[in-house]
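Okay, so here's the structure we're looking at.
Just so you know, all these numbers are worked out from the coordinates, no wet-lab data involved. This is a predicted model, so every value here is computed, not measured. Neighbour counts are summed over all protein chains in view; Cβ atoms, including those assigned to glycine, are modelled from backbone coordinates with ideal geometry.
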Amino acid sequence: MLAVFLWSGLQIAMAQGRPVKGQVLDDKGEGIPGASVQVKGTTVGTITDVDGNFSLEVPDDQNTLVINAIGFASQEVLAGDGDNALSVRLTTTNTQLTETVVTAQAIRREKRSLGYSTTQIGSDELTQGGSISPINSLTGKVAGVNITSTSNTPGASSRIVLRGGSSLTGNNQALIVVDGVIINNNNVGTTGNIGNLSNQVDYGNRGNDINPDDIESVTVLKGPAATALYGSKGSNGAIMITTKKGKRREGISKTEIEFNTSYTVSSILKFPDFQNEYGQGNIYEGIFDDRRENFSWGEPFNNQLRPWGQIIDGQQRVKPYSALPDNVRNFFDYGKAWNNNIAINGGTENTAFRLSLNALNSTSIFPGKDYNKYSVNFNGNADLSNKFYASISVNYSKINSDLPGFGQGDASIIDNLYQTPRDIPIRELRDLNNKFNSMEYLDENGVSTYGFYGAYAKNPYWTLENFTNRNKVDRVYGNVTFGYKPLEWLRIEDRIAVDAYSDRRYQSAAKLNSVAADHSLTWLDQTSPGRYSEHLINVGNIYNDLMITASKNFANDFNATVLLGHNIQQERTDATYSSTNEDGGLVVPGFYDLSNSNGKNLAINGNTLIRRVGIYLDASLGYRNMLFLGFSGRNDWSSTVEKSYFYPSVNASFVFSELFPETLRNGIWNYGKLRASYGRVGNDAPAYQWYQTYGAAVLNGDFGSTIFPFTGVPGFTYNNRVYNPNLKPEFSSEFEIGTEQSFFNDRIRLDFAYYSKRSEDQIVPVSLPFSSGFTSIIVNAGLVTNKGIELSARFVPVRTRSVRWELFGTFTKNTNLVEEIYPGTNQIAVGNAINGMSVVAAVGKPYGTFFTNAYQRTPDGRIIVDSVSGIPLKTSGSQLFGTYLPKWQASWGTSVAYKGFSLYVLFDMKKGGQFFSRTRDIMAFVGTSEETGNRDAQIWPNSVYLGSDGQYHTNTTEYQPYFFYTSQASRPGEYQLVDASFVKLREARLSYNVPAKWLNHTPFGNLSVGVFGNNLFLWTPDENKYSDPELNSNGASNLQGFEFSASPSVRSWGFNLKLTF
Amino acid sequence: MKYIMNKLLFPLVVVGVVAGTGCKKFRDVNVDPNNAADVSVELLLPAAQADIAQVYGGKLQIIGSVWSQYWTQNPNASQYRELDQYQPDASFASNAWDEPYSGALKDLDQIIKKAGTKTNYAAIAKILKGYTYQLITDQFGDAPFTEALKGDEGITSPKYDSQETIYNGIIALVTEGRDELNGESAAPGSDDLIYHGDLALWQKFANTLLLKIYMRLSERNPSLAQSGIAALEATEIGFLDEGEGAEIHYINEAGNFNPLYSEMNNAVIGGIQNLIASKTVIDSMLSNEDPRIGVFFTPVGGNFVALEQGFFNTSSPAASYATPSPAVGGDADQDASAEAPVKLLTTYESQFLQAEAVARGWLTGDAAELFTKGIIFNMSEYGLGEEDITTYLDNAYWAQFPTSGTTEDQIRHIITQKWFSMCGNQGIEAWSEWRRTGYPEFFTISRASRIGNQFPVRLPYPDDESSNNLNFPGQKLVTDKVWWDAN
């Protein structure tokens, strides 16, 4: 199939014809570079050079050229016989006058008519940076959007929140819509006891399945006024993605082939700062040469030869006792990704199609781990006879990966590496056949033995090989539309859409039971119970929309459009998590199967079904292309709340520049618009919140648990949530005003918005004190407000024939406040507490505030220490600290186009906010972080102690840093909170469009090459010596800012090539 | 406008009516397929019983046994340092509050509500509720009781009752449960993990539990204790005797492990032996040549080397110290630990309680004989032979009942001997009895104490209460005594 298209493409491009030359000029007579010149009805075409010149072969049977250039009106000219050079003058269009954007239900509207904020990003801006995540590629490009890219590796989670989170425990991410159809953006964590703590794997969020190469444009609709038509799902705003379609062509069927390829290399963006003065050992407990240790609390480095590791068969390895500053860095490989995309598009007068094939093959920075994704996308549409039309869009994608594990414990490579003593040559541990590196070889008596140097850690290369997290995803989404257009102004359309995927996760952890080879010290046995689990998630969502649209001009000055729709939604998830016994592990080592469980299997079902029916109305009225009014309303019936609910929105747009005199409008003030909107969105409840239930009993200790059946006796327990059949729908409402302006021939463009959003009566599981017998109650409660401003600006200082230089930036400030929760409840946990740290929504604080214990302080803020040890005391209860939300964020960048070259640079930053760094905690414990390099007894700055007289006295007792750092229990959770501010060089790229004249005698229509980098540099406050603050252990969930030995983020760079023929 | 009315609003209304009524059945899918809508009391009872044992034999065993100076934190690990530092976080002990309230007590409440004609289920549930509430109030003091467990009845912030109210309440509950036990009604079978439906034993359990409850009030309200015990004697039900202990048995299968063993042998802790022998108990056992030392502890190289309480900043490696034994589920290295039973109320405890009641003159009987029976029951339950027992009874200082001594002397012997017998198997009870009576007298302040020269005498309330309960009375210090701790 591919070969046939390819061949026919070549045939057409090389068909016989006559040469035609010419120049494309603007209204001032200057050449327009980069204009497209195409023979009408064919794929034959070229691009003008810097002076606006072009030349091409026009097939003998053709005589019309179509000229297109950005910012100019399209024009058709006769090609002539080729004897005379053509001169084509294009007239400028003010882009803001005609710009259209995609709004709810994939309705394309003139931007000027909208009373709410929209931003549209084109395909090049998304793909040229080399990001394979459609969400991450929006970072820094739209005001009001908060994207957290986590590790930025292929398949990793990214979170996108518009105008601040407002739902206390529900989804806060923007809805993702592709060609009018809701696309599942689930971010499902894998559960199970240790699934949360000790074996964290980032399985990504499903929104990132979309192939950026298939995207024509992305429109960001921020408020509910814009998204009311999606019902509850649109309450967090929407990312409207329009995919590329085939182009209709007059005359015979023609095809065009587009090929894109990129190769990307990545490496870790930020390592923690290490100390390089002290090596392996624990001299503070009097052991000067402890070769088992993963402590770096040994002697100062002296660069003398010293044996290390175990004595095996009478031999021991020797190395200088010196720091290896790069030992952790050397463990990693470069990540490599090769992304190939080929698209064929073709069309006739009445039909068009596009078929796109994509393959992404990548290897991880973690040796041996990989991520591969393949997808096929087909779009086709046809006008049938009798005023009927139809279109189909199908996307199939397949993911096959083996992902690294994070968190705490055996499976976490990062946890292990950051604890490695500063003198251990990690890269030399690679050869697992070497006894000194081995975790499990059989000694002469057949006993499983380890020769690895440490007794408290496992060889990270062994872990890589023996702990796997395989993930397979198959996904199909798409829609079929049938339409009927009985009259020019009336359209009836039905669209049925399906989004179904199967996400299978298979985790294996090795069972290990090895004794130390060496008996000269008391070595610990190395044991690990092993584990195998399967998490099977099948999601099938069906949406049907029946829409009637009428659009008519009347009374000369008025235009009215009315859309009436009916919507059915069914969302079904069938999920099973099963694993071998969490504590007992595996029976037979190396055999990964659910039957191989030492003790009871764990099995959890998570099946849900939600159905909704809605009717909606969207109407807009325009007056003289200047004043526009819009109204929408929707009524929903949901399976999860008893009563139906209605919600409306209104918006108005006033293009006041229409009233300006022509001279002003064509001169310094080209465009001005005021807009205002108000919208309200209703939302239903999660499934199954009406009735009390009982579940098979699992009784938890702090770590182990008792699972029923118990010694053969079955047991059930009353579940811990108080359910509520009287739930009402929750509502959020938002008011927005804004303006769009353009000055000096469009050299300066501004867009400003102010919004205020209230989300109240939320359906929320409020935490209860356990003494109530329950842990939560589902109620309508709470009020969260978000207020903010968004500013985006573009400035073009230079715009000449050959050079275009542009500066742009955005600024966003969102103030989030949790105003009410529930009587008696000051706060709700956003995520589970780990290490005594939780993230909460607390009354009077912004969403996502950290809650943990603190240093004891006097009322005037001085630290209270223990008078004997000089170490700070900690509070027994917990307190509220900062939030993970930034105070404000901004982005700025520039682009320069010169001849065929274009350069683009984008920075973005977030200011304020905190994150939890387990990395700081664990590195302090083992003495590898930079701060632990200062080991002299010292007085805690500005500290006091409580004297026996009940008064505070200035402290003069020195503390030993060793005791502060190595006693995790004596350090408060506050210690682990770090300033999350940062500036990133998010994207930089340089591309070159090969001039058309060089391609004239090749089969290629267009050829461009480029180099790009993203996440290239990171600047953080001095306080953050630990990690990229965007890291998160909980993917795209509401639990953000939680770096629990999370996947490190990468910088990536590479080159790409695009060509068409 | 009329045009719009006719052509557009009319279909809207029609569609609306269809959507609103015709889809009712389509939408009727909100019943949870992943959980049971209802279950019988036979399924709730074993879960509630095992839950009590989960806490009693797990978190409370650890806290009790460290603060009773049987065990201490090993120097190479750090899991329980905050216990030896006498400054447990609010979250440290939360399992001992959260699990019984949201697990055992709530399920027992459900049994009482659902039992109907299965009156013996309700009776047993009441007795066990009393047992569980005592566990909570003994460690935390004032706690929700009268308004507790009513989250589904609209009480989401239950008020705190004084410990005195709770004690009066649990006396009434257990008495009521005992008196409602009725042989004519159906008895549980294998779903009763403790007594397999033996109602006579449940009556004795209730009486012994009441004896324990009354005895706890010996310093705060001796007259109530005395009259209550007199009433127990009058029932002629008696108290738990040999072979009648309330135990739950575990097997060597993950998920059904002894709770202490499962605290150590799980994928997170990975079998690290955090707990080792404390010098306090080892020294006193050695000086008494107590044969139980080899029952309750695993020696290293034949020696019972112990660490001074809280001295984890030592240079000696952890592996050189004796560890709790498999008999109490405390040896992470030995599979036999998985099968250690959790002992909720023991035969020897019953003897020592009676001995004390007799010594105080609140019960008739022979205190010396009861005291000796307590020792014999304890030793034989842990497999010691007659010879060992006789030698100990003949020679050990703490085995010689001071028949002619003062009441206080006798109590000192009874409680200290009870402390030996509960070593690592009823740690939390031994700690409560130490708080009540001050015996044994030879506890040492932990080397790691962060509260100076004081002992901890209660657990801090969990953060969930301070954050979510409008009626939370405020956090307490670990040095604040509970109400019955009057000495």
> Using the Cα atoms of the stretch A:900-980 to build a convex hull, what is its mean projected area in square nanometres?
Replying inline: 9.2
>> Suppose R0 equals 22 Å. What FRET efficiency, 1/(1 + (r/R0)^6) with r the Cβ-Cβ distance, do B:Ser316 and B:Ser287 give to the nearest 0.05?
In response: 0.50
>> Greater than 24 Å separation of Cα atoms is the criterion. Which listed pairs, A:Lys319/A:Lys1025; A:Lys643/B:Lys150; B:Lys126/B:Lys476; A:Lys728/A:Lys757; A:Lys485/A:Lys552; B:Lys279/B:Lys476, meet it?
In response: A:Lys319/A:Lys1025; A:Lys643/B:Lys150; B:Lys126/B:Lys476; B:Lys279/B:Lys476
> Ranked by Cβ crowding within 10 angstrom, fewest neighbours first, how are B:Glu465, A:Glu488 ordered?
Replying inline: A:Glu488, B:Glu465
> Lys/Arg Cβ at +1, Asp/Glu Cβ at -1, dipole of the protein assembly as shown taken about the Cα centre: which of B:Ala77, B:Phe26, A:Tyr278 is farthest positive-ward?
Replying inline: B:Phe26
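Run through the stretch B:367-451 and list the GluC sites (Glu not before Pro) located in a DSSP loop whose Cβ has at most 15 other Cβ atoms within 10 Å. Please report the intermediate quantities before stating the final value.
Values: sites: B:Glu369, B:Glu381, B:Glu386, B:Glu387, B:Glu408, B:Glu429, B:Glu433, B:Glu441; in loops: B:Glu441.
Passing both the DSSP loop test and the Cβ count: B:Glu441.
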> With a 10 Å Cβ neighbour count serving as the proxy for reagent exposure, in which order, fewest first, do A:Leu903, B:Leu370 appear?
Replying inline: A:Leu903, B:Leu370
> How far apart, in nm, are two points set 7 Å out from the Cα along the Cα-to-Cβ line at B:Asn453 and at B:Leu470?
Replying inline: 4.7
> What does the helix-only formula give at 222 nm for chain B: each DSSP H stretch with n ≥ 4 adding -39500 (n - 2.57), the total divided by the residues, and the result rounded to the nearest 500 deg cm²/dmol?
Replying inline: -13500 deg cm²/dmol
> Where in the stretch B:215-251 is the amide nitrogen less than 16 Å from a point lying 7 Å along the Cα-to-Cβ axis of B:Asp335?
Replying inline: B:250-251
> How many nm separate the modelled label positions at A:Leu536 and A:Asp474, each set 7 Å beyond the Cα in the direction of the Cβ?
Replying inline: 1.2
>> How tilted is helix B:427-437 with respect to the longest principal axis of chain B? Cα atoms for both, answer in degrees (0 to 90, nearest 10).
In response: 70
> What distance in nm separates the simple spin-label points at A:Leu490 and A:Phe591, each placed 7 Å from Cα in the Cβ direction?
Replying inline: 7.1
>> Can you sort A:Ile492, B:Ile213, B:Ile194 from fewest to most other Cβ atoms within 10 Å of each residue's own Cβ?
In response: A:Ile492, B:Ile213, B:Ile194
> Averaged over all directions, how much area does the convex hull of the C-alpha atoms of the stretch A:548-637 cover when projected, in nm²?
Replying inline: 11.0
>> Tell me the mean residue ellipticity at 222 nm calculated for chain A from its helices only (DSSP H runs of n ≥ 4, each -39500 (n - 2.57), averaged over every residue, nearest 500).
In response: -1500 deg cm²/dmol
>> Using the alpha carbons of the stretch A:498-621, what is the convex hull volume per residue in cubic angstrom, as a whole number?
In response: 171
> Which residues' amide hydrogens lie under 5 Å from the amide hydrogen of A:Ile365, considering only partners 5 or more residues apart or on another chain, with H built in the peptide plane?
Replying inline: A:Gly335
> So what's the protein assembly as shown giving for Rg/Rh, alpha carbon basis, Kirkwood Rh from the mean inverse pair distance?
Replying inline: 1.03
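Taking R0 as 51 Å, what FRET efficiency do you get between A:Ser756 and A:Lys21 from their Cβ-Cβ distance, rounded to the nearest 0.05? Before the final figure, lay out each step's value.
Working: r = 59 Å, r/R0 = 1.15.
Once rounded, the FRET efficiency stands at 0.30.
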> Classify the stretch A:285-432: rounded, prolate or oblate, from the alpha-carbon gyration tensor (a ≥ b ≥ c, eigenvalue square roots; a/c under 1.5 rounded; otherwise prolate if a/b is larger than b/c)?
Replying inline: prolate
> Expressed as an acute angle from 0 to 90° and rounded to the nearest 10, what is the orientation of the C-alpha long axis of helix A:2-13 relative to the principal long axis of chain A?
Replying inline: 40
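Please report the net charge: other residues with Cβ closer than 9 Å to the Cβ of A:Asp636, K and R +1, D and E -1.
Charge balance in the 9 Å sphere: +1.
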>> Let me make sure I get this right: for the stretch B:63-204, a, b and c are the square roots of the gyration tensor eigenvalues over alpha carbons, sorted descending. Under 1.5 in a/c it's rounded, otherwise prolate if a/b > b/c, else oblate. Which is it?
In response: prolate
> Using 1/(1 + (r/R0)^6) with R0 = 51 angstrom and r between the beta carbons of B:His196 and A:Glu930, what's the FRET efficiency to the nearest 0.05?
Replying inline: 0.25
> Residue farthest toward the positive end of the dipole of the stretch B:333-487, with Cβ of Lys/Arg at +1 and Asp/Glu at -1: which of B:Val457, B:Asn378, B:Trp362?
Replying inline: B:Val457
> Going by the alpha-carbon gyration tensor, a ≥ b ≥ c the square roots of its eigenvalues, is chain B rounded (a/c under 1.5) or, if a/c is not under 1.5, prolate (a/b greater than b/c) versus oblate?
Replying inline: prolate
>> List the residues, sorted by chain then number, that are 5 or more residues from A:Leu175 or on another chain and whose placed amide H is less than 5 Å from its amide H.
In response: A:Asn236, A:Gly237, A:Ala238, A:Ile239
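Hey, got a sec? Which chymotrypsin sites (Phe, Trp or Tyr not before Pro) in the stretch A:623-725 land in a DSSP loop and have at most 16 other Cβ atoms within 10 Å?
Numbers: sites: A:Tyr623, A:Phe628, A:Phe631, A:Trp637, A:Tyr645, A:Phe646, A:Phe654, A:Phe656, A:Trp669, A:Tyr671, A:Tyr678, A:Tyr688, A:Trp690, A:Tyr691, A:Tyr694, A:Phe703, A:Phe710, A:Phe716, A:Tyr718, A:Tyr723; in loops: A:Tyr688, A:Trp690, A:Tyr691, A:Phe703, A:Tyr723.
Passing both the DSSP loop test and the Cβ count: A:Tyr691.
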>> If each residue of separation counts as 0.36 nm, what is the full-extension length gain between A:Val994 and A:Asn68 once their alpha-carbon separation is subtracted?
In response: 331.5 nm
